[in-house]
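Novice: Dropping the structure in here first, questions after.
Laboratory data are not the source of any read-out in this text; all were calculated from the coordinates shown. No experiment lies behind these values; they were computed from the predicted model shown. Backbone-built Cβ (ideal geometry, glycine too); neighbour counts: all protein chains shown.
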Amino acid sequence: MRVDKFLNSVNITKRRSVSQDMIANGVVLINDVVAKASKNVAVGDIITINYLNSAKKYKVLQIPQTKSTPKSLQEEYIKEIS
């Protein structure tokens, strides 16, 4: 699954366009490498999002099979590291 779709489907971002803007501005990293929107996410990858005042890291636990997942099931797909 593409990283922009993944961020949207596991409810890290509200819209895919927001994910694409974040990726275009270079604030999304996969395994400490700046990601492109077409980069595929795999189980075990570490996704880092650099916000203005902080950074959050997420470990990919599972790839969703649907376009969107309920926020209550977010823990099945990602684990926040920091």
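Novice: Name the long-range amide H neighbours of residue 39: under 5 Å, sequence gap of 5 or more, or other chain; modelled H, no Pro or chain starts.
Specialist: Distant-sequence amide H within range of residue 39: 3.
Novice: For Cα extents along the principal axes in Å, several values are listed as (i) 27, 24, 21; (ii) 42, 22, 21; (iii) 42, 23, 18; flag the one computed from this structure.
Specialist: Recomputing Cα extents along the principal axes in Å here picks out (i).
Novice: For region 64-80, take each phi angle, set θ = phi - 60°, evaluate the Karplus expression 6.51 cos²θ - 1.76 cosθ + 1.60, and give the result in whole Hz per residue in order, putting x for glycine and proline.
Specialist: x, 9, 10, 5, 9, 10, x, 4, 5, 9, 4, 5, 6, 9, 9, 10, 6
Novice: Just in region 1-76: which chymotrypsin sites (Phe, Trp or Tyr not before Pro) are loop by DSSP and have at most 14 other Cβ atoms within 10 Å?
Specialist: Here the chymotrypsin sites (Phe, Trp or Tyr not before Pro) that fit, given the DSSP loop and packing criteria, are 51.
Novice: Give a residue-ordered list of calculated ³J(HN,Hα) values for region 41-57 (Karplus: 6.51 cos²θ - 1.76 cosθ + 1.60, θ = phi - 60°; whole Hz; x for Gly, Pro).
Specialist: So the J values, rounded to whole Hz, are 9, 10, 4, x, 5, 10, 9, 10, 10, 8, 8, 4, 9, 7, 9, 10, 10.
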